[in-house]
Every structure is written in structure tokens, then in C-alpha cells.
Amino acid sequence: MEAKKTLNLTLKVWRQKNAQTEGAFETYEAKDVSPDASFLEMLDSVNEILIKKGELPIVFDHDCREGICGSCGFMINGNAHGPQKSTTVCQLHMRQFEDGQELVLEPWRASAFPVIKDLMCDRSAFDRIIKAGGYISVNTGGARDANSIPISKVNADEAFLSATCIACGACVASCKNASAALFTGAKISHLALLPQGQVEKDERALNMVSQMDAEGFGACTTTGACSAACPKEISLTNIAKMNREYLRASFAQKEEVAGGDLA
Amino acid sequence: MSIILDSKVPNGPVETKWQNQKFNMKLVSPANKRKHTVIVVGTGLAGASAAATMGELGYKVKAFCVHESPRRAHSVAAQGGINAAKNYQNDGDSIYRLFYDTVKGGDFRAREANVYRLAEASVNIIDQAVAQGVPLAREYGGLLSNRSFGGAQVSRTFYARGQTGQQLLLGAYSAMMRQVDLGTVELHARREMLDLVVVDGKARGIVVRNLKTGELESHEADVVVVASGGYSNVFYLSTNAMACAVTATWKAHKRGSYFANPCYTQIHPTCIPVHGENQSKLTLMSESLRNDGRVWVSAKKDDLRAPQDIPENERDYYLERVYPSFGNLAPRDIASRQAKYRIDEGFGAQGEKAVYLDFKDSIARMGEAKISERYGNLFQMYDKITGENPYKMPMRIYPAPHYTMGGLWVDYNLMSTIPGLFVAGEANFSDHGANRLGASALMQGLADGYFVLPYTVGDYIANTKLGAVKTTDDAFKNSENEVNKEVQKMMTIKGSRTVDSLHKELGHIMWENCGMSRSKQGLTESIDKIKKLRETFWNDVRVPGEAKDVNPELEKAGRVADFIELGELMCRDALTREESCGGHYREEHQIDGEAKRDDENFAHVAAWEWSGSADKAQTRHKEELKFDNVKLATRSYK
């Protein structure tokens, strides 16, 4: 097969030593990039050259490079994970770009995601939201036979679609308010759609939403930017479901208190 | 001197061994459990499930992962499914059949008792996952759906589209996060284990590097569980994630934990082929695709025609031809080897290192919608990576390193040769023999973590006198000093070779000589080459930046240094094992291209003991394997 035409690109990359120091853009050239290379492989090549020149390589989070671990992610020309729809930056390939293009790379910008270094930021706030209630309280052992809980295929499929969130943070980075509503809503919806999740659904919604607010994420104004940027195409209806769950739980909680008073 | 290892397999028929063992184990009272600390290294399926379950039981658990979040462990990438002997399909499955298939699939090099226990636990895993809210695939009636996988003639694989690993891991992760919320599990993310601390012959703690600050930290415990995954990245290009490493297990090995069967590696037959020199990793296309895809090459040598121009009668569906009873569902080692033969003989797709995986017939039979429902996300991923649409064109695939059956030697209780060090999941060697069947890795990780370790760790604690240790003790300080010395050494070399370039060189040696096909000559030469590479590394590596900072190059350098030492041991192990079995294929031992085992001389586990220095050869010990239930036979899928 004939060799494919390679690309030359100009990269403007956000470099920042740590959360305490200010960052700035630096310009690098990426030369002879294969269109079959992934975006991160292109950055690997730039880093190899930087290391050989005695400079510090660009730091970015990444791991599986299959679009499933959720480690990678930064802005490319203002788009979370770059221009291709439903694609993480590790699965973005250079054939999506034109020769001579200039690309601006920035980390996720959100006060709840402080920058650690360069394009790497701290998304542990997501773990704390899950910790607040993103689970079903069931200990190991003693679970009943799996087929004794029939679940309609429609609900199971919908729960699966919510559960495919990889916690990459593109939703937060794309939102003008840096809201984590799509992330939180996806987990609340996933568990609320299943019979196993019913028992704790009220506390779950209340606790997760309250943790989300405590982490400093902004409010949701339903612009849909999150869902448009989501590499797993998590639908906006997850936020609607979260709001419904939260509202219902708020009333339910009041009734419970009232009931307690009567007793 | 070589010794015979005691696997501590309990007496009695295989069906009751685990039941009896559980009853005979000593228990730790609930009031005492909270006085004992258990360290768990790794938060994949094995680690997260172990941490969650031991937290629930009341132990003080400290969980460590190199990732930013425990949910990012590489178990997340498993696509196809998880086996369980539920027999929901009424197609003749049973615990015994899953046991039998797994022992045979491992080419009779696994320990029977462990495999039986694995098959028993498989049914509980599915129940547990569903109780946690894991959204496994369902039929319209609301019941769970199954598919078939390689090496089996029943449908026992449960799945969540092409994201089974992700969904099961999120189940285990959420169970663990619940324990973090309850205060029984303490989470330490972005930490890499760089040493095991052994006090009075027992594992009592670890030294980790904080990957955010570069500081070294010591943690003490009564028990250390290592669940840090496999070592396929020794080949540089593999389907493993970039951070997958042998480092945690290798450090334990250097402290006295024997390393078993390092040469047993799995080369997965269906991966996207290599595109160029700068490629950083390979991507798997799930084995489940072989349920509906047919593997073929042109029947003509050096055929450069595009696949659509090759008429049906000029195609060689070689798996169906050679293995009529299993066809495209032949096990992984066999399917990979057959692909290699076709390509070596000059039948590769348009002259390239690839064969075709074709869905044309399935699409004609069931329609595009049905295929999309089953494999949509995989097709989409293939399209993204290659720029080709697999609904219209057959996929091009090639084998790639995917899983390692070898690992730290453990007894029936999953305890290593260091008392108090337990090893779970891919990090141990125990259940898959010389070849792992598809959909068995998730099963093993979760069986170890949910259903085995919580019992055996308790038994160890109840039976062992554990004095108090502190991280200010000499043993911890010595370990910290040694780790620090190694880190400083790597930082100060400031040579001319980047870490990646050294890793690629190692990967090339390993893939060519210790990959799908191995020979005495190739292995002998490789050992010399790897020794030279080790010298180059320690004289000429360049690690930029500072040690006390976020420094991914330093992290990689440490991992590559360990891979180099492991690579040499893998070649030695492969050289000593003068037979072919499963994924270990020695050119000198074959019958018509099929693996030729030597049960008389090699029906044993080889477990290597560190000699104290990388320059000194390690000692090979044995554990004899007995097959009381599954009769030793030539493994045939024809």
C-alpha cells in the first residue's frame, strides 16, 4: 500500500508546574505525524523530542488508550476531547486533522478539578460523589439467585446506558458553570432504574447531590453542552431523572420527619 | 537447591475440598477484626472486591492504586464477558463442566482444586454482581442473557455489551466506596508500590511512591494482598493499559515470593494490527466477535487483491477447516498460532500481517441491526482506530499479547511463599494453567476477591502470632532507603536513551523470541541481548525532571527496569520448559503444528526463587500437578 501523507501541526500547550504556580501556553511543532496515529501517540512523539532536547515532557493523564478508563481528557481548540463526536482523546486519530493546523491544548477548567501539572488535573471529587451514595448497600455473600430479579429489557438497557459513564470529566469541562449534573445524574439514574436500587433511592439522591454541591461544582442550566461533549453519549434525560429523584426525595424526607413527630 | 512446593490442597474429593477447608479454617471474632490491618495493592476486580469484602467483615483495609481513581484499573477494559456455570440456558452446563473445560483449556497445567473452586464460585459472582446493580444483558422476559465464548460448547458467558469489565469493576468499586464511606477502607490513590516490607519472615507492609508529590511513604499491616494485574507490557505493545506493570509483584519476588510459570503468556488472536513505529498500544477486538464473525485468508499465496475482490471459493476459512467441531470458537492460543502460520506462509491480508474477521454472512442472516445490537460499540471502536467500516469491509486482525497466566506462586489459600503476602487475580499464577479461556479472567479476579481471600486471610490472622510493627522500624527505613537509592540512581544517569526507546527494544526481543513461537536458539540469544539491554538501561537511560514531583518518565523507568529483569526470567523459564503447552509453544516440540506436551517430565509448576542479584541465575523449584479428576489427554478441538 502507498504511504499515507503525514501532517505537520503547531501545538499551543498549557504548561503549569503545579496548582500553586501560574501556567502559560508554550508552542511546539509536531512534525511528520502519521494520520493513523492517535492523538496521544502524537503527543508521545513530541515528548520524545522534548526529552532528547533536555526539556520537560508534557504531562497528561492517560492509561487504557481504548476510551474506557476515563483517565485521559483535555481541551483541543475549546472542545473537550477534541472535534470528533463520542470519542475520548486517546481514541481520536490524527486523520481528523488537516496539515498545518494549529491546536490549542488546555486542561479541564473547573475549580472542583484543580490542575496537578500541565494537562493533568485532580478529579477525585467524582470519587467523593460516588462515596456519598453511588452504590447499593449489599454485602458480599447471601445474594439471591440472579434470575430471581427479572428486570425488563428496556429498563436494563437504559440503566446500562447510564452506567457507561467513564468519569472523564468532559461534561464538567464543557459546562459554562462547571456543573457535574450529568455525571451525578447518570449514577442516580442507573441505580434508580433497577429494582435493586429502590430501597435507598431517596437518601442516594439527596446525599449525592449534596456532595456534588459541596465539591464546588456549579449549577445546571440545561444547556446540554455536557451531553454533546460526552464520549459515552450520556443523555440529558439523566439530569432530568436526577432532578425528579431529588425533588421526590426532598418531599419524602419531610414526610418522614413529620411521621416521626406524630409518633 | 531445588525444593518441592506444598500447595496445601486439602484432602477429599474435589467437590468438597473448599467446603471442608472453609469449615476447618479458624475464624477471627468481629471484635478482633478491627484490630487487624490489611493492605490491598491494586483496585481492579480482584483488589476492589477483596478490599470491599474485607472492609465489610470489619478489617481495617488500606487500598492502594496507581490511578487517579480506583475505578480506572485495567479490568475496566475487559470487553467480552464473564463465565458462570448457571446453566440458565439448559444446554448441559454444570460446575463440573466449567471445571473440566478450564483444566483442559489450560492444557493440563493448572491446579485442579483451585479450578474447581473457581467454577463453584462463578455462580455466586453473578448473583453478587446483579445484587449490586450491575446491568448485565437481559432477554425480553427480563432474565439474564448468555453468549458462547472460545473453548466451550455451551453458552455460559454473561455480559454487558462490550463493556463487561467496566460494569463489573464499577460494581466492585462502588462496594468499596461504600466501605470508604463507612470508614473501614482507607483509599490511597496515585500511589505505586515500590517495595514489600518483610519483618521476621512475614509480609508486614509496603513502601509506596506518592505519584503526586514524589515522596516515599511507608504503611504497616498484618497482611498484604497484591492484586496488581499482569505483565503483558513486557512486550511493549500489548492490549494492556500503559500503566500495567510487573513492578509490585516483582518487588515482592525480590523479597522472597517465588514467581511461577513466567513464560505462560496469552497472545489474543483478535486485535487490531500494528500501524507503525510510533504505536503505543494494541487494541483488542473481543473474542465474542468470533461467535458471528468468520476468520479467513485468501487461499492464494501473496494475494494482493482487496478482500471484496476475492470470491468465496478462493477463501480459506482455516479455523473451520482445521477445527471442524469448534471452528471459529477454537481457544485463543490455537487461533493465534493458526493466524501466525497463515501469515508466515504468505497468506496475510494483502501481503500484510493480518487476517480477516468477516461479518458478511451474519449480517446477511440476521441483519445489520442485530449485529449492531451485539457488537455496536466494538464496530465503532474499530472504525475510529482504522478508519474502515466493518459493516462493509471485513475487519483486519492480528494476535497481540493480552494476558499473563504466570505470576507469583500461591498455595490453595492464595498465600505466596512469604507468609502474610497474598496474591489475587492476574497477579497470581493459579487457575489458568498454560492458556486462559475467554471470559475467565473476570471470573477469577472476582472469585479471589469476593469469595476466597476473605476466608483465607482470616485463617492466617487467626493462626499467626503478629507482633506490633511501626513504620519507624528499621525494616521500613531500610526499604525506604533502598527504594530511594534506586530512584536517585535512575535520576542521575542522565544518559542518551529515552525510557520508551529501551522499552521498545525489550518488547521487540520478547515478541520475536518469547512470543507466539519459541526456540532454544532464539531464547538463548535473547537472554544475552536482555542482559546487554539491562546494562544499557543502567548506564544510559535519561529520566528528565525531578524525583520529588509528578514525573511519568520516572514511573515508566522503574517499570521498564523491572520488565527487563522479568524478560530474562521469562526466556529462562521458556528455555527450561522443554515441551509445548497452551500459549507456550516450543518449535522443537510439536506434532503437525499442534503443541506437544511432555507430561512425564513437565506436569509441574515451575516457581523461580530470586537469587539476591539480577546477575545471578534464579533457582527453579517445582510443584507437581496431579490430575485425579480430569484425565490427562491430548487437547483436541478438531
Quiz item: Convex hull volume of the Cα atoms in chain B, per residue, in Å³?
Solution: 149 Å³
Quiz item: Which aspartates and glutamates have a Cα less than 16 Å from the Cα of B:K300, not counting those fewer than 8 places away in the same chain?
Solution: B:D309, B:E312, B:E314, B:D316, B:D344, B:E345, B:E352
Exercise. Report the charge-dipole magnitude of segment A:19-115 in Debye, nearest 20, computed about the Cα centre from +1 at each Lys and Arg Cβ and -1 at each Asp and Glu Cβ.
Key: 220 debye
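Suppose R0 equals 51 Å; then what is the FRET efficiency for B:E139 and A:K52 from their Cβ-Cβ distance, rounded to the nearest 0.05? Show your work: numbers first, answer last.
Values: r = 57 Å, r/R0 = 1.11.
Efficiency computed from Cβ-Cβ geometry: 0.35.
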Quiz prompt | Check: the protein assembly as shown dipole with +1 on Lys, Arg Cβ and -1 on Asp, Glu Cβ, in debye | solution = 800 debye
Quiz item: Counting only other chains, what is the mean number of Cβ atoms within 10 angstrom of the Cβ of each residue in peptide B:378-384?
Solution: 3
Practice problem: Run the 1.4 Å probe and let me know the accessible area of A:C220, rounded to the nearest 10 Å². | Solution: 60 Å²
Quiz item: Rounded to the nearest 20 Debye, what is the dipole magnitude of segment B:286-334 about its Cα centre when Lys and Arg each give +1 and Asp and Glu each give -1 at the C-beta?
Solution: 80 debye
Practice problem: Arrange the peptides B:305-314, B:598-607, B:194-203 so that the one whose residues have, on average, the most other Cβ atoms within 10 Å appears first. | Solution: B:194-203, B:598-607, B:305-314
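Under the definition of Cα pairs under 8 Å and six or more residues apart, what whole-number percent is the relative contact order of chain B?
Over chain B, the number comes to 21 percent.
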Quiz item: Helix B:499-513 sits at what angle to the longest principal axis of chain B, using alpha carbons and giving 0 to 90 degrees rounded to 10?
Solution: 60 degrees
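Please give me, ordered by residue number, the GluC sites (Glu not before Pro) of segment A:21-105 that lie in loop per DSSP and have at most 15 other Cβ atoms within 10 Å.
Listed in order of number, the matching sites are A:E22, A:E55, A:E98.
Across peptide B:282-288, how many C-beta atoms of other chains are within 10 Å of each residue C-beta, on average?
Across B:282-288, the average partner-chain Cβ count within 10 Å equals 1.
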Exercise. Determine the total buried accessible area between chain B and chain A, counting protein heavy atoms only with a 1.4 Å probe; round to the nearest 100 Å².
Key: 6400 Å²
Self-check item: Contact order relative to length of segment B:270-400, as percent, for alpha carbon pairs under 8 angstrom and 6 or more apart
Solution: 34 percent
Practice problem: Provide the convex hull volume over Cα atoms per residue for segment B:270-333, in Å³. | Solution: 128 Å³
Practice problem: Within 10 Å, count the other beta carbons around each residue, average over each peptide in B:508-516, B:282-290, B:463-471, and list them highest first. | Solution: B:282-290, B:508-516, B:463-471
Quiz item: Going toward the positive end of the dipole of the protein assembly as shown, with +1 on Lys and Arg Cβ and -1 on Asp and Glu Cβ, which of A:G67, A:A143, B:N278 do you reach last?
Solution: A:A143
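Taking a quarter of the surface of the Cα convex hull of segment B:270-400, what do you get in nm²?
Averaging across all directions leaves 7.8 nm² for the Cα convex hull.
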Quiz item: How high is the relative contact order of chain A, given as a whole-number percent (alpha carbon pairs under 8 Å, six or more residues apart)?
Solution: 18 percent
Quiz item: Based on the mean of other beta carbon atoms within 10 Å per residue, what is the order of B:15-23, B:229-237, A:187-195, most packed first?
Solution: B:229-237, A:187-195, B:15-23
Quiz item: Taking B:K26 as the anchor, which lysines have their alpha carbon closer than 21 Å to its alpha carbon, excluding any fewer than eight residues away along the same chain?
Solution: B:K8, B:K17, B:K35, B:K60, B:K202, B:K465
Quiz item: Measuring from the lowest to the highest alpha carbon on each principal axis, how far does segment B:446-566 reach, largest first, in angstroms?
Solution: 50, 40, 24
Practice problem: For chain B, report the accessible area per residue in Å² (1.4 Å probe, heavy atoms, rounded to an integer). | Solution: 33 Å²
Self-check item: Compactness of the protein assembly as shown, expressed as Rg and Dmax over alpha-carbon positions, Å
Solution: 26.1, 87
Quiz item: Relative to the first principal axis of the alpha-carbon coordinates of chain B, what is the inclination of helix B:45-57, with its axis defined by its Cα atoms, in degrees from 0 to 90 and to the nearest 10?
Solution: 40 degrees
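Loop-only trypsin sites (Lys or Arg not before Pro) in segment A:1-60, please: DSSP not H, G, I, E or B, and at most 11 other Cβ atoms within 10 Å. If you can, show how the numbers build up before the last one.
Working: sites: A:K4, A:K5, A:K12, A:R15, A:K17, A:K31, A:K52, A:K53; in loops: A:K4, A:K5, A:K17, A:K53.
Here the trypsin sites (Lys or Arg not before Pro) that fit, given the DSSP loop and packing criteria, are A:K5, A:K53.
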Quiz prompt | Inter-label distance, nm, simple model (7 Å from Cα along the C-beta direction), A:Q253/A:E29 | solution = 5.9 nm
Quiz prompt | Shielding by other protein chains, B:333-346, mean Cβ within 10 Å | solution = 0
Self-check item: Reachable aspartates and glutamates, given that their alpha-carbon falls under 17 Å from the alpha-carbon of B:K477 and they are not under 8 places away in the same chain
Solution: B:D195, B:D200, B:E215, B:E217, B:E220, B:E486
Quiz item: Just from its helices, what would the mean residue ellipticity at 222 nm be for the protein assembly as shown, if runs of 4 or more DSSP H residues each count -39500 (n - 2.57) and the sum is divided by every residue, rounded to the nearest 500 deg cm²/dmol?
Solution: -11500 deg cm²/dmol
Quiz prompt | Degrees, to the nearest 10: B:520-540 long Cα axis against longest axis of chain B | solution = 50 degrees
Quiz item: Farthest toward the dipole's positive end in chain B, which of B:C581, B:S69, B:G376, given Cβ charges of +1 (Lys, Arg) and -1 (Asp, Glu) about the Cα centre?
Solution: B:S69
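The values are calculated or read from the model by the stated rules, or taken from the named source; none is laboratory data. Everything numeric in this text was worked out from a predicted model, so none of it was measured. Positions of Cβ are backbone-derived with ideal geometry, glycine not excepted, and every protein chain shown enters the neighbour counts. Just the protein is used for accessible areas: all its heavy atoms, side chains included, with ligands, DNA and RNA removed. Shrake-Rupley method; radii C 1.70, N 1.55, O 1.52, S 1.80 Å.
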